[in-house]
Amino acid sequence: MATKFYQNPYSRNQQISIATIISCGLFLAISFTDLMGQSTFDRGKKFYHQRDANADSFKADPTNINWAIDLFESALEQNINPEESAIYLLKAYYFKGMFTGLSENQQKDVYEKGRNLGEKMIERYPDSVPIKFWYAANIGRWADVHSFARAATSGVSKKLRRICEDIIEKNPKYQDGGGYRILAQVHFYSPHIPIVMGWPSKDKALELVEKALEIAPENPTNKMLYANILLEFDRNEEAKELLYEIRRTTPRASHTVEDRYVKYRSRKLFKDHFN
């Protein structure tokens, strides 16, 4: 007769209860894993939304945004909410490079990360407007710190134009006309290089920023870009009024550091052109 390794003197009921305990334990383990994963993503969001804590004007303390980056990178590695994690990570790279007082070389490193991540995520989520927008924001800053001339000759500007046109086609209102705004900057700041890149146009930049303003006339970044382009066309009185408007606005609670920067840039533009 075969020997049983487990003999139950209390009949089948106890066997069922033990099986139930094992099943519950497995369920709890799975639930705990899910909870930990969700916690990584949610903690990243929490730190991102506290990115302006202890900011000095438009220079942010990097502590919270660094925590956010670490957590979103971890979430992506673990495939936790991958699309949303990628969007937040692109936003976090942009913020860190722009508003934490990095050196030019450090900014280049951060925007390179944003550029590489954006290219991977666009392949994975080709219809995601937020991923395309924040990728475009990062490579726009990449072009700024490396020079728009380099961006033009390396094909970055052309790629940026194509991405922005796709954003405009899919969701022109995203980020208060963000696709129009970034494309306006590409036209405005890129050099006109015959044969290599003959398409940038100041007139087109003006047309595009006006479309962004139609969508979000109170957005301070739209206003500042419009004022800057108006100055190029010697429409000084209109530009002056816009710069006054920006200086009178209160930064939005959700974009404190960003709006403080816009106010700083508006004061600098005013000083450069009207003092």
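Scanning segment 77-103 for residues that are farther than 24 Å from Asp259 by Cβ, touching a residue at least 40 places away in the same chain (Cβ under 8 Å) and part of a helix (DSSP H, G or I) turns up Pro82, Glu83, Glu84, Ser85, Ala86. Annotation: of all residues in segment 167-180 being assigned to a helix (DSSP H, G or I) and surrounded by 18 or more Cβ atoms within 10 Å (Cβ to Cβ), the one that is nearest to the chain's Cα centre (by Cα) is Gly178. With respect to Tyr125, is the statement that it is closer than 24 Å to Pro172 by Cβ, surrounded by fewer than 21 Cβ atoms within 10 Å (Cβ to Cβ), within 16 Å of the chain's Cα centre (by Cα) and modelled with pLDDT of 95 or more true? It is true that Tyr125 is closer than 24 Å to Pro172 by Cβ, surrounded by fewer than 21 Cβ atoms within 10 Å (Cβ to Cβ), within 16 Å of the chain's Cα centre (by Cα) and modelled with pLDDT of 95 or more.
I'd like to know if segment 95-103 contains one or more residues that are of a type in the set (S, T, N, Q) and crowded, with 24+ Cβ neighbours inside 10 Å. No: segment 95-103 contains no residue that is of a type in the set (S, T, N, Q) and crowded, with 24+ Cβ neighbours inside 10 Å. Considering only residues of segment 138-158 that are touching a residue at least 40 places away in the same chain (Cβ under 8 Å) and farther than 18 Å from Asn105 by Cα, which is surrounded by the most Cβ atoms within 10 Å (Cβ to Cβ)? Of everything passing the filter in segment 138-158, Ser157 is surrounded by the most Cβ atoms within 10 Å (Cβ to Cβ). Residues that are buried (at least 24 other Cβ atoms within 10 Å of the Cβ) and closer than 12 Å to Val186 by Cα within segment 206-224 comprise Leu208, Val209, listed in sequence order. For the condition without any contact (Cβ under 8 Å) to a residue 24 or more places away in the chain, surrounded by fewer than 23 Cβ atoms within 10 Å (Cβ to Cβ) and in contact with a helix residue (DSSP H, G or I) (Cβ under 9 Å, 6 or more places away or on another chain), Glu119 qualifies.
Conditions tested, residue by residue: (1) buried (at least 18 other Cβ atoms within 10 Å of the Cβ); (2) outside any helix (DSSP H, G or I).
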residue	(1), (2)
Arg161	yes, no
Trp199	no, yes
Ala227	yes, no
Leu230	yes, no
Glu238	no, no
Glu245	no, no
Tyr261	yes, no
Arg265	yes, no
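The values are calculated or read from the model by the stated rules, or taken from the named source; none is laboratory data. In this text the structure is predicted, and so the values were computed from the model without any measurement. As a convention, Cβ positions derive from the backbone with ideal geometry for all residues, glycine included, and neighbour counts pool all protein chains shown.
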